[in-house]
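**Q** I am attaching a structure below and will ask some questions about it afterwards.
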Amino acid sequence: MSFWKSMIFRSGHFMQVLALLPLFSTATHPFSPQDQAVQLEVSSEYSRPDPFGAIVEADLGKNEKRANDGDLNTIQLRAARNGYISFHLTAKLPQDGPYSLSVNFQKESGIQVDLLKTWFHLRRADKKYYPDALIPITNPYKAAIPDSENSIPGQTAQAFWVDVWIPRETAPGVYEGDATLQSGSKRSSLKIQLQVSQAVIPEDDALIVDHNSYGTSWLAQLYPKLSRAQGEAFFRSDAVFGLIHAYHRLFYEHRGAFHQLGYGHAGKVGPEFAPALTGTGREKRIASWELFDRHYAPLLDGSAFAQTRRGARPIPFAYLPINPEWPASFLAWGEPGYEAEFVNVVSEMERHFRAKGWTRTKFEMFFNHKKRYKGFHWDGDETRFPKDDTPFLEFNRLLKKAVPAGSPVQFVYRLDASWRLEDQFKSLAGVVNFWVCSSTILSWLPEQLKSVRQRGDIVWTYSGPPAINEPSSAILENPLRAWMWNTDGYVHWLTVGPSADPWFNSEGEATCLAYPGERFGIAGPIPSIRLKIQRNFLQDISLLKALEKTHSPDFLRSEVSKRVNGTKPGDWWNPRPALANLPPEEWNNPGIEQAVASNRHHYQDWNPQYWQAVHQYILKLAEGSQPQ
Amino acid sequence: MIKRCLSLAFVAFNLSTIGYAQTQTHKSLALELEEVARVATVMVDGDVCQRIMTERALKKLFVVDPEDQWAGSDNFDVNAEPFIQTKKTLMRLAKLRPYPIDCNLWMLFKENPRKIQILIRNQYEMSRFWTWGVLYQDIPPEMAEVLASGKPKTVVGKNDLISVLTPVYNSLGEIVGLVEVVSRAQMNWQENVK
């Protein structure tokens, strides 16, 4: 997959102001009126505070300023069970000094609060500060302004992300809590009123949002202390597998999935991604599962997630290491030995997975290589030339030979497609059954998508995360489109690749949704605001899926579309351009952009708070009422 | 049982051979790579190599389109038969030593004599000259020297990679490219897994 092909959808501006979340009737609530010296303010999850007490400009709608309605000193929340509700708190001090912050609910309520301190990233391009990384902290928390680590000249405010977790078994009703900022003898408090709805967010994800990555070398770069401590053994150490599992856990806890591709464009396989092989030709077989099982067993049996709030569950998808150079050597390509090596090893894998009971994960045979990287003679990824379909057919034959019919182990054949998507929907029908599609190309193929889904294939789209300087809700656009199109998922092509210095010289973090926690003493990743906002959105999507029992999917999409930007579901598709009738070899990138330009206005000028109105609508519908 | 023991012995052999390069001095490793390079010049067929890229891809390769910076990459294409034939030869050459070696094919352009491209890479994804991801690049001085003299050259230095550059000839006796025979004392198994 590649990023550029979907960028045209992410112009990320604002639309007309829609109804704001009623319970956050303004973007902010003021500090306690009893004490003007210290201030504790609240803002919606879409209104990111900056280090000087204002809201990040990108999060304000047109002509919108940070509202302040004077007397409110209560945070009013309404949420479904088995999920989170979130908001920002901002601590403001009139002068530099220490403070403490606490957020609490009645202990017997079972409601849990996670407090995370916001990091303000200095962005290289505009020298402005943008909040994004979230550092888990204690509750209560003690620190000082200015923050000694963030080192912001003139800092007057520290922001926090508050996650309120409402367990499934919580009784519906109103729960009281409070948030208190204390600095010396000065104090500012906000009451919290949480209305717990009878609605329950389903356990299952209705839309898979995947977070992709490549290899493991980045772990050594992002965790230099850990890597140095392990020395040359790092990539075989428990530390590295612990890190990998921690990344899986983070994305799982945020209702997402995590992928790590384990091979390069010329077929080099990282030893931690594949069983070790021995022999050649008929004698080729698996010599050791040691590293593979240490890596994957806790993910495939779900035990890696046992301590999470969502509970143990196997990962839904995993790349296999299969590529043109593994398990069969390309030296035998086209000869009987290639088939022998492939079938021997893949058959062994099937038997191993079956014996282990790893039957809930879809194992992907996927080819990521491109000719331009000079490893092989055909494009496995984003195929452009019809002749390149031939190897796909051959690998399908080999896979079918290796995996017995009726195996409980789920092998799927994945193709990431763009140029030839329409052709390949036909030419590889019955071969590929997992399509990861360029949003741009798929945007003019609604009928073809229906056919492919009707035959039972899995369909995702791909693009990348928005940068931190884009509106907070820009993270929702691609997953929302994937849901509007009735696809099964969406993948961010890279999500663990921060800038060289994301903290003080950020390049925008458009390839990073999870930051390395090492500088904060955490041996694992820490989340971002964008990831949190995406999670809360995915909770809503799961509620929408549950609502399909009582409402037609078309009705739900119409209502959501209307509330997002005043459109109809059909507006989310592009008309078929003339370009689509030419052979894809004759297309070029400007031509593709031009082909979808006429519909681009639907994705422009969205109000940064737009999802709040949709969220309220979904919640009311889930509670059984008939919202307008 | 006997079969199991034999296979364990085979694994042990493989692991030991993977580490073999790491026990050698740079000098002894270079000597062995030079021997592989000598065979490469004999075995790699420059005429076949010249047929690898498609005419269409060659035409698009050097077109500079400010509105479509990926035009060269998106149109990159090869003819399967000469590519596979040459790649298999390079893979066989790499098997002349029992430790990880890559034999990379570098090809010159008639259309642009100052540029060179890596055209076939192999499974360990090693090269001391390729800037990862570029389609073509300026001819490095070490390569220029080999192209001018027709004599192999051993290059040792950064990243502990040791490369031997050796010419590839076509049937007219022209040097049309190079083979880079490359290995390293310390294998990095995670590098370029992306």
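**Q** Quick check on A:Ala328: is it under 26 Å from A:Tyr296 (Cβ atoms), modelled with pLDDT of 95 or more, within 14 Å of chain B (Cβ to nearest Cβ) and outside any helix (DSSP H, G or I)? Let's see the steps before the verdict.
**A** Numbers: under 26 Å from A:Tyr296 (Cβ atoms): yes; modelled with pLDDT of 95 or more: yes; within 14 Å of chain B (Cβ to nearest Cβ): yes; outside any helix (DSSP H, G or I): yes.
Judged against the criteria, A:Ala328 is a match.
**Q** Next question. Could you tell me which of the residues A:Pro298, A:Pro314 is within 30 Å of the chain's Cα centre (by Cα) and part of a helix (DSSP H, G or I)? Steps first, answer last, please.
**A** On the way: A:Pro314 fails: part of a helix (DSSP H, G or I).
The match here is A:Pro298.
**Q** Pairs needed: first member in the range B:20-36, surrounded by fewer than 16 Cβ atoms within 10 Å (Cβ to Cβ); second member anywhere, small (Gly, Ala, Ser) and at pLDDT 95 or above; C-beta distance under 9 Å; at least 6 residues apart or different chains.
**A** The qualifying pairs do not exist here.
Every residue, every condition in (1) within 22 Å of A:Pro51 (Cα to Cα); (2) not in a strand (DSSP E or B), yes or no:
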{"residue": "A:Ala91", "(1), (2)": "yes, no"}
{"residue": "A:Tyr99", "(1), (2)": "yes, no"}
{"residue": "A:Leu116", "(1), (2)": "yes, no"}
{"residue": "A:Lys127", "(1), (2)": "yes, yes"}
{"residue": "A:Asp132", "(1), (2)": "yes, no"}
{"residue": "A:Thr138", "(1), (2)": "yes, yes"}
{"residue": "A:Ala144", "(1), (2)": "yes, no"}
{"residue": "A:Asn150", "(1), (2)": "yes, yes"}
{"residue": "A:Arg168", "(1), (2)": "no, yes"}
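**Q** Hey, another quick one. Please go through the range A:211-232 and pick out each residue that is in contact (Cβ under 8 Å) with a residue 12 or more places away in the chain, surrounded by fewer than 21 Cβ atoms within 10 Å (Cβ to Cβ) and more than 14 Å from chain B (Cβ to nearest Cβ).
**A** Passing the criteria: A:Pro224, A:Lys225, A:Leu226.
**Q** Sticking with this one: Going through A:Tyr319, A:Tyr338, A:Tyr373 one at a time, which residue ends up being more than 30 Å from the chain's Cα centre (by Cα) and hydroxyl-bearing (Ser, Thr, Tyr)? Show your work before the answer.
**A** Numbers: A:Tyr319 fails: more than 30 Å from the chain's Cα centre (by Cα); A:Tyr373 fails: more than 30 Å from the chain's Cα centre (by Cα).
A:Tyr338 is the lone residue from the list that is more than 30 Å from the chain's Cα centre (by Cα) and hydroxyl-bearing (Ser, Thr, Tyr).
**Q** Same structure, new question: Considering only residues of the range A:170-184 that are β-branched (Val, Ile, Thr) and surrounded by 14 or more Cβ atoms within 10 Å (Cβ to Cβ), which is farthest from A:Leu77 (Cα to Cα)?
**A** Taking the range A:170-184 and keeping what is β-branched (Val, Ile, Thr), we get A:170, A:174, A:180.
Next cut, surrounded by 14 or more Cβ atoms within 10 Å (Cβ to Cβ) only: A:170, A:180.
Details: A:Thr170: 15, A:Thr180: 17 Å.
So the residue we want is A:Thr180.
**Q** Hey, another quick one. Consider A:Leu291 carefully, then state whether it is touching a Lys or Arg at 6+ places or on another chain (Cβ under 9 Å), within 12 Å of chain B (Cβ to nearest Cβ) and touching a residue at least 24 places away in the same chain (Cβ under 8 Å). Steps first, please.
**A** Details: touching a Lys or Arg at 6+ places or on another chain (Cβ under 9 Å): yes; within 12 Å of chain B (Cβ to nearest Cβ): yes; touching a residue at least 24 places away in the same chain (Cβ under 8 Å): yes.
Spelling it out, A:Leu291 is indeed touching a Lys or Arg at 6+ places or on another chain (Cβ under 9 Å), within 12 Å of chain B (Cβ to nearest Cβ) and touching a residue at least 24 places away in the same chain (Cβ under 8 Å).
**Q** Follow-up question, since we're still on this one. The conditions are (1) without any contact (Cβ under 8 Å) to a residue 40 or more places away in the chain; (2) within 29 Å of A:Ala355 (Cβ to Cβ); (3) assigned to a strand (DSSP E or B), and A:Phe411 fails exactly one of them. Which is it?
**A** (1)
**Q** Can you find, within the range B:167-194, the residue that is surrounded by the fewest Cβ atoms within 10 Å (Cβ to Cβ) among those that are within 14 Å of another protein chain (Cβ to nearest Cβ), among the charged types (D, E, K, R) and touching a residue at least 24 places away in the same chain (Cβ under 8 Å)?
**A** B:Glu191
**Q** Provide a single number: the residues in the range B:136-194 that are in contact with a Ser or Thr (Cβ under 9 Å, 6 or more places away or on another chain) and acidic (Asp, Glu).
**A** 3
**Q** Still on this structure, please answer the following. It is to be established whether one or more residues within the range A:351-363 are over 24 Å from the mean Cα position of the chain (by Cα), within 30 Å of B:Ile118 (Cα to Cα) and either crowded, with 21+ Cβ neighbours inside 10 Å or in contact (Cβ under 8 Å) with a residue 24 or more places away in the chain (or both).
**A** For the range A:351-363, residues over 24 Å from the mean Cα position of the chain (by Cα), within 30 Å of B:Ile118 (Cα to Cα) and either crowded, with 21+ Cβ neighbours inside 10 Å or in contact (Cβ under 8 Å) with a residue 24 or more places away in the chain (or both): absent.
**Q** Hey, any hits in the range B:54-69 for a residue that's surrounded by 14 or more Cβ atoms within 10 Å (Cβ to Cβ), β-branched (Val, Ile, Thr) and under 18 Å from the mean Cα position of the chain (by Cα)?
**A** Checked the range B:54-69: no residue is surrounded by 14 or more Cβ atoms within 10 Å (Cβ to Cβ), β-branched (Val, Ile, Thr) and under 18 Å from the mean Cα position of the chain (by Cα).
**Q** Same structure again: Taking the criterion of being surrounded by fewer than 20 Cβ atoms within 10 Å (Cβ to Cβ) and of a type outside the set (Gly, Ala, Ser), would at least one residue in the range A:606-615 satisfy it?
**A** Scanning the range A:606-615 turns up no residue that is surrounded by fewer than 20 Cβ atoms within 10 Å (Cβ to Cβ) and of a type outside the set (Gly, Ala, Ser).
**Q** I've got another one for you. Could you please tell me which pairs satisfy a Cβ distance under 9 Å, a separation of 6+ or placement on different chains, a first residue in the range A:486-503 that is closer than 16 Å to A:Asn212 by Cβ, and a second residue that is part of a loop (DSSP other than H, G, I, E, B) and modelled with pLDDT under 95?
**A** Final answer for the pair search is A:Val491/A:Met1; A:Trp493/A:Met1; A:Trp493/A:Ser2; A:Trp493/A:Phe3; A:Leu494/A:Phe3.
**Q** For the range B:31-72, which positions are modelled with pLDDT under 95 and more than 13 Å from chain A (Cβ to nearest Cβ)?
**A** B:Phe62, B:Val64
**Q** For the range B:23-59, which residues satisfy the criterion of being of a type in the set (Val, Ile, Thr) and in a helix (DSSP H, G or I)? Reasoning before the result, please.
**A** Step one: list which residues in the range B:23-59 are of a type in the set (Val, Ile, Thr), which gives B:23, B:25, B:36, B:39, B:41-42, B:44, B:48, B:52, B:54.
Those that are of a type in the set (Val, Ile, Thr) and in a helix (DSSP H, G or I): B:Thr23, B:Val36, B:Val39, B:Thr41, B:Val42, B:Val48.
**Q** Sticking with this structure for a sec: Which ranges mark the strands (runs of 3 or more DSSP E) fully within the range B:97-166 that have 3 or more residues being within 14 Å of another protein chain (Cβ to nearest Cβ) and at pLDDT 95 or above? Explain how you work it out, then say what you get.
**A** On the way: elements: B:102-108, B:115-120, B:153-156.
Passing ranges, in order: B:102-108, B:115-120.
**Q** May I pose another question? Any idea which of A:Phe273, A:Phe258, A:Phe241 is away from chain B (no Cβ under 14 Å) and modelled with pLDDT of 95 or more?
**A** A:Phe258
**Q** How do the helices (runs of 4 or more DSSP H) wholly within the range A:496-609 filter down when requiring 2 or more residues that are modelled with pLDDT of 95 or more and away from chain B (no Cβ under 14 Å): which remain? Talk me through it step by step, then tell me what you get.
**A** Values: elements: A:529-547, A:553-565, A:589-595.
So the answer is A:529-547, A:553-565.
**Q** Something else now. Step by step: first the residues of the range A:276-288, then only those that are more than 9 Å from chain B (Cβ to nearest Cβ) and of a type outside the set (A, V, I, L, M), then the one that is nearest to A:Pro321 (Cα to Cα). Which residue is that?
**A** Checked the range A:276-288; the qualifying residue nearest to A:Pro321 (Cα to Cα) is A:Lys284.
**Q** From the list A:Ser11, A:Ser100, A:Ser47, A:Ser109, pick out the single residue that is within 30 Å of A:Ser213 (Cα to Cα), surrounded by fewer than 20 Cβ atoms within 10 Å (Cβ to Cβ) and either modelled with pLDDT of 95 or more or not aromatic (Phe, Trp, Tyr) (or both). Reasoning before the result, please.
**A** On the way: A:Ser100 fails: within 30 Å of A:Ser213 (Cα to Cα); A:Ser47 fails: surrounded by fewer than 20 Cβ atoms within 10 Å (Cβ to Cβ); A:Ser109 fails: within 30 Å of A:Ser213 (Cα to Cα).
A:Ser11 is the lone residue from the list that is within 30 Å of A:Ser213 (Cα to Cα), surrounded by fewer than 20 Cβ atoms within 10 Å (Cβ to Cβ) and either modelled with pLDDT of 95 or more or not aromatic (Phe, Trp, Tyr) (or both).
The values are calculated or read from the model by the stated rules, or taken from the named source; none is laboratory data. Because the structure is predicted, anything quoted here is derived from the model rather than measured. Positions of Cβ are generated from backbone atoms using ideal geometry, with glycine treated the same way; all protein chains shown enter the neighbour counts.
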